[in-house]
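Enquirer: Let me give you the structure first, and then I'll get to my questions.
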Amino acid sequence: QQPVQSPQAVILREGEDAVINCSSSKALYSVHWYRQKHGEAPVFLMILLKGGEQKGHDKISASFNEKKQQSSLYLTASQLSYSGTYFCGTENAGYALNFGKGTSLLVTP
Amino acid sequence: NAGVTQTPKFRVLKTGQSMTLLCAQDMNHEYMYWYRQDPGMGLRLIHYSVGEGTTAKGEVPDGYNVSRLKKQNFLLGLESAAPSQTSVYFCASSYSSGRQPQHFGDGTRLSIL
């Protein structure tokens, strides 16, 4: 079942922060985050496994609340290069992921 | 490093024609996936494979067939193309289960007239 992402779109000025949320109606075993720039392939950012861990990669981090079946992606001090569409992919104890519809992020100078 | 390679990159078909999209990976990954991406719909799983000789249906399998005769290749076939199959198709692979990163190819842009 497709997870729900919010917001659908966000516009930021360089240096501002953003949060993208991903929620599922089913129990989650892992959550993936990917970024896709226009006309390109999705690129892996990070995986969060069951256990409520939080991960970080440069100024992008994420959390996973398995009780609430939610994950959030945090982008701090955004850079122009952060622009793109962000997808979460959720694993419900299986072999494959269910991807959300994506959140479009535009960072302006 | 080639990673995941998809061929062709672009294709235009007429309704009713058939074609095969090829995905090749050189990372020795067990799992391979085919997705379609339509505006506002995200990535939807068509079929996937958990190893050589295996295939399974995903969320939107109708109108497509797949084969994984060799570990490194995953083929997606359209037997009788329909305009509703106009989309961007992405292949991905991962080392093992849903707890490993997926590596995506550059996509195939397919238009069916």
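Enquirer: Scan the range B:32-55 residue by residue and report those that are within 11 Å of chain A (Cβ to nearest Cβ), open to solvent by 30 Å² or more (accessible area, probe 1.4 Å) and either over 20 Å from residue A:37 (Cα atoms) or in contact with a strand residue (DSSP E or B) (Cβ under 8 Å, 6 or more places away or on another chain) (or both).
Expert: B:37, B:44, B:48, B:50, B:54 - these are the residues of the range B:32-55 that are within 11 Å of chain A (Cβ to nearest Cβ), open to solvent by 30 Å² or more (accessible area, probe 1.4 Å) and either over 20 Å from residue A:37 (Cα atoms) or in contact with a strand residue (DSSP E or B) (Cβ under 8 Å, 6 or more places away or on another chain) (or both).
Enquirer: Out of (1) more than 21 Å from residue A:108 (Cα to Cα); (2) in a strand (DSSP E or B); (3) within 13 Å of chain B (Cβ to nearest Cβ), the odd one out for residue A:1 is which?
Expert: Only one criterion in (1) more than 21 Å from residue A:108 (Cα to Cα); (2) in a strand (DSSP E or B); (3) within 13 Å of chain B (Cβ to nearest Cβ) is unmet by residue A:1, namely (2).
Condition check ((1) among the hydroxyl-bearing types (Ser, Thr, Tyr); (2) open to solvent by less than 10 Å² (accessible area, probe 1.4 Å); (3) in contact with a helix residue (DSSP H, G or I) (Cβ under 6 Å, 6 or more places away or on another chain)) across all residues:
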site: A:13; (1), (2), (3): no, no, no
site: A:21; (1), (2), (3): no, no, no
site: A:29; (1), (2), (3): yes, no, no
site: A:35; (1), (2), (3): no, no, no
site: A:73; (1), (2), (3): no, yes, no
site: A:78; (1), (2), (3): yes, yes, no
site: A:87; (1), (2), (3): no, yes, no
site: A:92; (1), (2), (3): no, no, no
site: A:101; (1), (2), (3): no, no, no
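Enquirer: Residues of the range B:76-107 being more than 9 Å from every other protein chain (Cβ to nearest Cβ), open to solvent by 60 Å² or more (accessible area, probe 1.4 Å) and modelled with pLDDT of 95 or more, which ones?
Expert: Correct list: B:80, B:83, B:84.
Enquirer: One residue is enough: does the range A:54-65 have a residue meeting the conditions open to solvent by less than 70 Å² (accessible area, probe 1.4 Å) and outside any strand (DSSP E or B)?
Expert: Filtering the range A:54-65 for residues open to solvent by less than 70 Å² (accessible area, probe 1.4 Å) gives A:56, A:60-65.
Of the ones still in play, those that are also outside any strand (DSSP E or B) are none.
No, the range A:54-65 contains no residue that is open to solvent by less than 70 Å² (accessible area, probe 1.4 Å) and outside any strand (DSSP E or B).
Enquirer: What's the number of the only condition in (1) open to solvent by 30 Å² or more (accessible area, probe 1.4 Å); (2) modelled with pLDDT under 95; (3) not β-branched (Val, Ile, Thr) that residue B:14 fails to meet?
Expert: It is condition (2) that residue B:14 fails.
Enquirer: Can you name the residue in the range A:4-30 that is among the small types (Gly, Ala, Ser) and in contact with a strand residue (DSSP E or B) (Cβ under 8 Å, 6 or more places away or on another chain) and is also nearest to the other protein chains (Cβ to nearest Cβ) among such residues? Steps first, answer last, please.
Expert: First, pick out the residues of the range A:4-30 that are among the small types (Gly, Ala, Ser): A:6, A:9, A:15, A:18, A:23-25, A:27, A:30.
Checking the rest, the ones that are also in contact with a strand residue (DSSP E or B) (Cβ under 8 Å, 6 or more places away or on another chain) come to A:6, A:9, A:18, A:23-24, A:30.
On the way: A:6: 13, A:9: 11, A:18: 19, A:23: 14, A:24: 13, A:30: 5 Å.
Here the residue is A:30.
The values are calculated or read from the model by the stated rules, or taken from the named source; none is laboratory data. None of the values given here were measured: they were computed from a predicted structure. Because the Cβ atoms are built from the backbone with ideal geometry, glycine has one as well, and the counts that use them run over all protein chains shown. These accessible areas exclude ligands, DNA and RNA; they are computed on the full protein's heavy atoms, side chains included. Shrake-Rupley method; radii C 1.70, N 1.55, O 1.52, S 1.80 Å.
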